[in-house]
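Report on one structure; see the data block that follows.
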Amino acid sequence: MCLRGRLKISILRLNALTVMGSQHPDAMLAAMTSSLLPRRSADEQARLDADLIDLIEHRITFNQVLGLKVQALAPQLVLRFEMRPELVGHFHYGRLHGGVISAVLDALGGSALMVSLGEKHPTESAEQVMARFTKLGTIDLRVDFLRPGLGRHFIASAEITRLGGRVGSTQMRLHNDEGLLIATAAAAYIVS
C-alpha cells in the first residue's frame, strides 16, 4: 500500500477514535457493533423487566427476608420494605437494625447495576442479561447512618455513578415513610 493510502486509513481511524471517545480499537468496534444491532423488542424488554423483578423480590431469598419490593425499575431502581418486628435492632426504641439498613442498601446497589447492565447491553436477550448476574459481587460498601431507623416503611433508591467493563459504582439512599433521610451508602461491585 502506498504512503498516501496508509495515511488516509490512519486519518480515518483517528477520526473514528475521536468520534467514539475511545483510544482502543476494541472499544470502538464494540460501540459501533452495538449501535448497528437492533435493540431488544418490547416483548423481550418486558420479559427482562419481569425477570429482574423476580430476581430482586424472589430469587435472592435474603431479599425476601428483608421484604424488598420493587417500586420502580426506571429511571432509577426504587425498593420499598415494611418495618417488621424481625427487623428491629434496638428493642427499647423499635429502631431498624443497622445490619438491615446495610443489607438493603447493598442489595439495592447490586440490583441497580443489574438493571443498568440491561441498558448497557440493549441488544442482549433477557436470558443473556440475567446470566450477567452470576458475575456480580460486592467489592466495597460504605454506609453512613444519619438518623435512627424509625418508620412504618422505608424507601431505598440508587444512582449509578459509573458502570465500566469490570466495575460498577453506586450511591444509595434510604428514606423513611415521612421522607426523612435515614442512611446513605456508596458501593463498588464487580460486574464481569
Please find, among A131, A107, the residue that is without any contact (Cβ under 8 Å) to a residue 40 or more places away in the chain, part of a helix (DSSP H, G or I) and either hydrophobic (A, V, I, L, M, F, W, C) or in contact with a Leu (Cβ under 8 Å, 6 or more places away or on another chain) (or both). A131
Residues of region 140-178 satisfying the condition of being outside any strand (DSSP E or B) and either over 20 Å from G99 (Cβ atoms) or of a type in the set (K, R) (or both): R147, R152, G164, G165, R166, D177, E178
Could you tell me how many of the residues in region 136-159 are within 13 Å of the chain's Cα centre (by Cα) and closer than 15 Å to V191 by Cα? 3
Report, by residue number, each residue of region 58-72 that is within 25 Å of G89 (Cβ to Cβ) and either open to solvent by 30 Å² or more (accessible area, probe 1.4 Å) or in contact with a His (Cβ under 7 Å, 6 or more places away or on another chain) (or both). I60, T61, F62, Q64, V65, K69, Q71
Output the number of the condition that M28 fails; it satisfies all remaining conditions of (1) surrounded by fewer than 16 Cβ atoms within 10 Å (Cβ to Cβ); (2) modelled with pLDDT under 95; (3) of a type outside the set (V, I, T). (1)
Matching entry among L113, L117 (being farther than 19 Å from A185 by Cα, open to solvent by less than 30 Å² (accessible area, probe 1.4 Å) and either in a strand (DSSP E or B) or touching a residue at least 40 places away in the same chain (Cβ under 8 Å) (or both)): L117
Residue in region 126-148 that is aliphatic (A, V, I, L, M) and open to solvent by 80 Å² or more (accessible area, probe 1.4 Å) present: yes
Within region 170-191, identify whether any single residue is open to solvent by 50 Å² or more (accessible area, probe 1.4 Å), at pLDDT 95 or above and in contact with an Asp or Glu (Cβ under 9 Å, 6 or more places away or on another chain), and answer yes or no. yes
Which residue pairs have Cβ atoms under 6 Å apart, sit 6 or more places apart or on different chains, and have a first residue in region 78-99 that is surrounded by 15 or more Cβ atoms within 10 Å (Cβ to Cβ) and a second that is charged (D, E, K, R) and not in a loop (DSSP other than H, G, I, E, B)? R80/K69; G89/R95
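The values are calculated or read from the model by the stated rules, or taken from the named source; none is laboratory data. As the structure is a prediction and not an experimental result, all values here were calculated from the model. Neighbour counts are summed over all protein chains in view; Cβ atoms, including those assigned to glycine, are modelled from backbone coordinates with ideal geometry. What goes into the accessible areas is simple: the full protein's heavy atoms, side chains included, and nothing from ligands, DNA or RNA. Shrake-Rupley method; radii C 1.70, N 1.55, O 1.52, S 1.80 Å.
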